[in-house]
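*Asks:* Below is the structure I would like to discuss, written out as structure tokens.
The values are calculated or read from the model by the stated rules, or taken from the named source; none is laboratory data. Note that this is a predicted model, so its numbers are computed, not measured. Don't worry about glycine lacking a Cβ; one is built from the backbone with ideal geometry, like all the others, and counts go over all protein chains shown.
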Amino acid sequence: MSGRSKGAPFKNPGWAGNTGEFDLSEAQVRGDDFVGERPKHGGHASGAGTLPYMLADKEPEARLFEGEYQQRFEKILTRYPTKRAALLPTLGLAQEIRGHVNPETMDRVAELLELSPAYVRGVTTFYTMYNKAPVGRYLVQVCTNISCNLCGADEVLATFLRYTDTELGETSEDGNFTVIEAECLAACGFPTCVQINSRYYENVTPADVQKIVEQLKKVGD
Amino acid sequence: MAYPYVSDKEARVVSQGFGDPKQRRIDTYVERGGYGALKKAFGLSPDAVVDVVKASGLRGRGGAGFPTGVKWSFMPKQPTKPHYLLCNADESEPGTFKDRELMRWNPHQLIEGCLIGAYAIRAKHVYIYCRGEFFETNQVLARALEDAYAKGYVGKNILGSGNDIDVTVHQGAGAYICGEETGLMSSLEGRRGLPRVKPPFPAAYGAFGMPTTINNVETLCAVPHIVANGGDWYRQWGSEKSPGTKLFCVSGHVNKPGNYELPLGFPLASLIEDVCGGMRDGNSLKAVIPGGSSVPILNAEEAMSCKLDYEGCVTAGSMLGCASVIVMDHTTDIVKAVRRMVDFYAHESCGQCTPCREGSSWTAQIMRRIEDGDGTEADLDTLMQITQQMVGTTICVLSDSVAPPVQSSIKKFRGEYLARMKAARSTEVPVAVPAGVA
Amino acid sequence: MSTTPPTSAPTAAPSAPAPATVTLTIDGQTVTVPKGTTILEAAKTIGTKVPHYCYHPGLSSPAMCRLCLVEVEGAPKPQPGCVTTVADNQVVRTVSDKALGNRQGVLEFYLVNHPLDCPICDMSGECDLQNYVHAEGREHGRGVEPKRVFGRDDFGGDVLFYGDRCVMCTRCVRFMSEVEKDERLTVVERGNRSVIDTFFDEGLDGTHWSGNIVDICPVGALVSKAFLHKARAWDLEHTPSVCASCSQGCNVELHTRDNVVQRVKPRENLDVNGWWMCDYGRADYEWMNEGDRIEAPLVRQADGSSKAVAWKEALGGLLARAKELQGRPVKAVVSARASNEDLGALAELVGALGGGEIVYRSPRSAEEIVLQGFPTLARRKDLAPNVKGAELLGMHRVGADDATGGLDKVRAHDGIVVVLGDALADQDERFGASAALYVYVGTQLPVAARAAHVVLPVTTHAEQEGTFTNHAGRVQRFWPALTAPGMARPAWLVLGALVGELSGEAVPRTAADAYAALAEAVPAFGGLAYPKLGARGALPMISGAAVSSGAKGA
């Protein structure tokens, strides 16, 4: 898991902040006095969601739901009246650990939640946020829906493809980037919106792309 | 720090904390009167809270505009089973970006609204179904919720009132259809997010088979203000049928896009000119979508006379939806814009109902062919007919949403379509090329 | 969601209040149905079949195919007939311009990506898409876009999946989750990319009822591997029958062409098997087509060889010898696959010869395989169709659970030995060698029939009319689907003729006669006759009350 450094949003692509005037540091999110780690523990037992991150460092072979992840999984179960309802958060958690949801993961999750593997596959494939195959360290999702599109999203997408040297939906050779088109990310007033792992980048113009890509590459070094 | 843009025309009720990072802290929120409405509500009977909301005339802000108080009154008065309140925070209608702002700037306002709503419908558990892509928003909400639990605003015996209400943030996983209320319930239950046939209605058989009410984020955010100040206070804005204020999400070719909270009935022309600083680069207006991608497109003339409330938009030939105003200037390629919206519906159709599953992707294929210059005029008739075949024939209204942009654009901008046709291409008819597209 | 309960009225519920009814108008006709009936089911009662795919009476109704939308006066939108319940004074139109227009629209959508490969599709001729489009579809398609391609997938078991033909009704997914309760199938992906699939390579192997998804698939998306490209639907003759694979007695149809059974399909009977049958029963038909049959009566000659003779000669010789031996104890071995009529005739014969012991051997499995979502249906432990019938006739089970052994006394018997139907697979040629008279009545000639003085060729249940008594005591009829080879005749006819000669009683001329004689002689079969049994069978009447039905879970 990559480390987090306060006040340097680019250092932690797992953290969702903003660029420019919307930039939220972790301190701002919690309040000025907040110091602490990302709540891997998963929040209040009955309330706050156990929020999976899409992290740059993925461990496809990692053991699932052990140690702190076991605790988070158990917390998830307490929040719903049925085990089935824990399926989406549990898949999210599995993806946070492994970076994608493969058949073996589905099988394990099915076993944990007493569901059939086929059922879990059906649910997993319904939702776009579960990566069914490995993706790059950075999953770049460029919104090209109507509002962003009107403001040049197609060009932003093309520029991302150029600077990451990859094809749409493919992972770049260095394993750093997978660039895909996204549907509306609900940041239409701040076009173009680009989601990179967990983080939204708003008001992205083609001119910003090179800088973003360079910075992300540096984090990888 | 001014929120990206503010306007003196605004009547800021739910958007009060926008732009103020302190607002999301529980201490600041309480200092500014937060959770006062919750205390007040606990002093009333649940039915009295419903009555206050009914009196305010608050209508659901998720798009359908159903009166909130009336919706709440459908819930059983004598619970024999657990009741659930679901907050629909799966914001994903193209052009809409208000709920994310509400949650990340002022999470406690939503939590307070959820608690009051739960109390009114006699629910002990609230699920906030938050869109999965909103990692940051989820994070803000989660932190706020932890603080609220710690201070005793949520959980067992809230504020010593004897009321137990739990609030859980549930993260979606990427599916527009989960913003449809029955699809949301399916998804919350850990299923594919397939909408369900009504009846049974959620108030009788909802999430986990229990009586359930589903409200939009903005609706629930307005509730604490209404409970604190009374129904009449809320009616100072808007009209008889559409009272109150509404967040307008303005995007597209205006100088100052953003969220503006305005009284319902605000003129669209003034929204563009006075509030949003006019058209980008002084360009002229071509079209406006007043309520998100699922409503008919207005041409410039219609837009100029449109009043932004539920009735006014219908009069102008469109719908208010969730008040997502997408403004397009004269450089806009309408065919491409509509094609992109149809692609969205084809991508997001859950695939249950045949007209939607097959129709949306078929429409997208035809639109793509027309955009690529391989269309014929007969394709326009086909488009009109097949989109009409998709209206009113499916379980939910996603299918119905394909028709408005396609049909309205063909009616109002037929010339642009014809200019793309095979026949026209050879004669060098100028085609509008949007700025920034090579 | 549970399956629909049996619709037949309970036989003994005189004090139950009359169910509330609703009267409405469908296409101008007044219809009165019980409250809570759906429009689609109400329309069926007046012979109107509203086209549909996703609805199946044995499954939950997701109302997603949108084909059964009907016009209901006063409703703003067309309503799905499969889930909309009837209301008093409702006015429903299933063939109005609106309803037809909607169906035409939906059918057009179905064809957008359908491969239209009817000429090579097994379902052609019995396909609901073909039928509906032919009846109500557009004359010409408007689709010119490239079609979506999913290809073919082997689901394991007997099931092959043609993704491109699928109409996404999800009946198969719901059958596996709601009825078999082994959720092997799912819809993968969403929207226009939705496709039915299993969990990667897991497939359907190890399931016991998955063949039913082929039956309920309204199109050619799920097809049987065993039936693949074997016959066209319009060439098949359908004969009602009863599955002979276990004692459940599932009602089935034998589909034949050119005197060969091509496949077995379940036949609806809510009291026995609903709409379903197990995969074992479904696959258990090749034996009906076997060619190595005894085609003529065989009489052993003095030199030990056998000679094919005419029936008259065979039976005449047999009678003469039997009369000589009358009074010698008889030991008979029967098969529980023989019909009630056959077994009854054999019992009569044994009685006419002076009495003796009749035993049967029948394979038993260790466990019942219950269909979880329709628990009155199971693959029963008794793997023969008429064990109950044999028991009711006072015959005793001998031998092990694999239907071997237990014949030591018969084998060495020095009186009269009669074998009906048992293949004696575990016996050698010395079986019955010491018998004064050994008669083998069967379909194939085993080694153990070498010592038989007379061998009589009889028909299988697929070649004759008759009844079986299922595990719950229900008597059910089957009909001849195949022409018997050579001179083979039903056992009840052959044995009945012998009984007639020995006792001087009337010889049964038809299976119905044979049953009537049985019903008269044995109280356990009383109160019933062929017309009363109909196609779905009935429970025998004993002193005026029906024997409790196991099929209803009592």
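*Asks:* Applying the selection to region B:132-155, what residues are part of a loop (DSSP other than H, G, I, E, B), more than 7 Å from chain A (Cβ to nearest Cβ) and surrounded by 24 or more Cβ atoms within 10 Å (Cβ to Cβ)?
*Replies:* Hits for region B:132-155 are B:F134, B:Y153.
*Asks:* Taking C:C172 as the residue in question, decide whether it is within 21 Å of the chain's Cα centre (by Cα) and within 12 Å of chain A (Cβ to nearest Cβ).
*Replies:* yes
*Asks:* Could you please give the count of residues in region B:126-160 that are among the polar types (S, T, N, Q) and at pLDDT 95 or above?
*Replies:* Matching residues across region B:126-160 total 1.
*Asks:* In region A:99-134, what residues are within 11 Å of chain C (Cβ to nearest Cβ), in contact (Cβ under 8 Å) with a residue 24 or more places away in the chain and among the basic types (K, R)?
*Replies:* Listed by number, the list holds a single entry, A:K132.
*Asks:* Quick test for you: out of C:G125, C:G105, C:G36, pick the one residue that is farther than 28 Å from C:K181 by Cβ and assigned to a loop (DSSP other than H, G, I, E, B).
*Replies:* C:G125 is the lone residue from the list that is farther than 28 Å from C:K181 by Cβ and assigned to a loop (DSSP other than H, G, I, E, B).
*Asks:* Another one. Show the residue pairs that are 6+ apart or on different chains and have beta-carbon atoms under 6 Å apart, the first residue being within region C:497-515 and surrounded by fewer than 23 Cβ atoms within 10 Å (Cβ to Cβ), the second being assigned to a loop (DSSP other than H, G, I, E, B).
*Replies:* C:A497/C:V507; C:G500/C:V507
*Asks:* Pick from region B:279-317 the residues that are surrounded by 24 or more Cβ atoms within 10 Å (Cβ to Cβ) and of a type in the set (S, T, N, Q): which of them is farthest from A:S147 (Cα to Cα)?
*Replies:* Restricting to residues being surrounded by 24 or more Cβ atoms within 10 Å (Cβ to Cβ) and of a type in the set (S, T, N, Q), the top hit is B:S294.
*Asks:* Can I ask one more? Tell me yes or no: at least one residue of region A:133-152 is hydrophobic (A, V, I, L, M, F, W, C), in a loop (DSSP other than H, G, I, E, B) and under 15 Å from the mean Cα position of the chain (by Cα).
*Replies:* Yes, because at least one residue in region A:133-152 is hydrophobic (A, V, I, L, M, F, W, C), in a loop (DSSP other than H, G, I, E, B) and under 15 Å from the mean Cα position of the chain (by Cα).
*Asks:* Does B:D232 satisfy the condition of being more than 7 Å from chain A (Cβ to nearest Cβ) and either within 17 Å of B:D99 (Cβ to Cβ) or in contact (Cβ under 8 Å) with a residue 12 or more places away in the chain (or both)?
*Replies:* yes
*Asks:* Here is a list of conditions, (1) surrounded by fewer than 21 Cβ atoms within 10 Å (Cβ to Cβ); (2) in contact (Cβ under 8 Å) with a residue 60 or more places away in the chain; (3) among the small types (G, A, S), and A:G169 meets all of them except one; can you say which number that is?
*Replies:* (2)
*Asks:* When you scan region C:41-62, how many residues do you find that are within 14 Å of chain B (Cβ to nearest Cβ) and either surrounded by fewer than 24 Cβ atoms within 10 Å (Cβ to Cβ) or under 16 Å from C:S96 (Cβ atoms) (or both)?
*Replies:* Summing the residues that are within 14 Å of chain B (Cβ to nearest Cβ) and either surrounded by fewer than 24 Cβ atoms within 10 Å (Cβ to Cβ) or under 16 Å from C:S96 (Cβ atoms) (or both) in region C:41-62 gives 5.
*Asks:* Turning to a different aspect of this structure: Which helices (runs of 4 or more DSSP H) does region B:1-105 wholly contain that include 2 or more residues that are closer than 24 Å to B:A148 by Cβ and of a type in the set (A, V, I, L, M)?
*Replies:* Passing ranges, in order: B:26-31, B:36-43, B:46-56, B:98-105.
*Asks:* Next question. Which of the residues spanning region A:135-151 are of a type outside the set (A, V, I, L, M, F, W, C) and more than 9 Å from every other protein chain (Cβ to nearest Cβ)?
*Replies:* Selection gives A:G136, A:R137, A:Y138.
*Asks:* Now for a different question. Go through region B:330-350 and report how many residues are closer than 20 Å to B:G375 by Cβ and more than 7 Å from every other protein chain (Cβ to nearest Cβ).
*Replies:* 9
*Asks:* Go through region C:316-347 residue by residue and tally those that are in a helix (DSSP H, G or I) and farther than 21 Å from C:D414 by Cα.
*Replies:* 7
*Asks:* Considering region B:43-68 alone, what residues qualify as being without any contact (Cβ under 8 Å) to a residue 24 or more places away in the chain and more than 13 Å from B:G230 (Cα to Cα)?
*Replies:* B:G43, B:S45, B:A64, B:F66, B:P67
*Asks:* Residue by residue through region C:390-413, note down the ones that are under 12 Å from C:A347 (Cα atoms) and crowded, with 21+ Cβ neighbours inside 10 Å.
*Replies:* Matches in region C:390-413: C:A390, C:L392, C:L393, C:M395.
*Asks:* Could I ask something else about it? For the subset of region B:252-276 comprising residues that are within 14 Å of chain A (Cβ to nearest Cβ) and of a type in the set (D, E, K, R), which member is surrounded by the most Cβ atoms within 10 Å (Cβ to Cβ)?
*Replies:* Top of the filtered list is B:E261.
*Asks:* Of everything in region B:175-229, what is over 30 Å from C:T186 (Cα atoms), in contact (Cβ under 8 Å) with a residue 60 or more places away in the chain and more than 16 Å from the chain's Cα centre (by Cα)? Give them in sequence order.
*Replies:* B:V223, B:P224, B:H225, B:I226, B:V227, B:A228 - these are the residues of region B:175-229 that are over 30 Å from C:T186 (Cα atoms), in contact (Cβ under 8 Å) with a residue 60 or more places away in the chain and more than 16 Å from the chain's Cα centre (by Cα).
*Asks:* Being without any contact (Cβ under 8 Å) to a residue 12 or more places away in the chain and either surrounded by 20 or more Cβ atoms within 10 Å (Cβ to Cβ) or farther than 20 Å from C:T23 by Cα (or both) is the filter here, so list the residues in region C:63-90 that pass it.
*Replies:* The answer is C:P76, C:K77.
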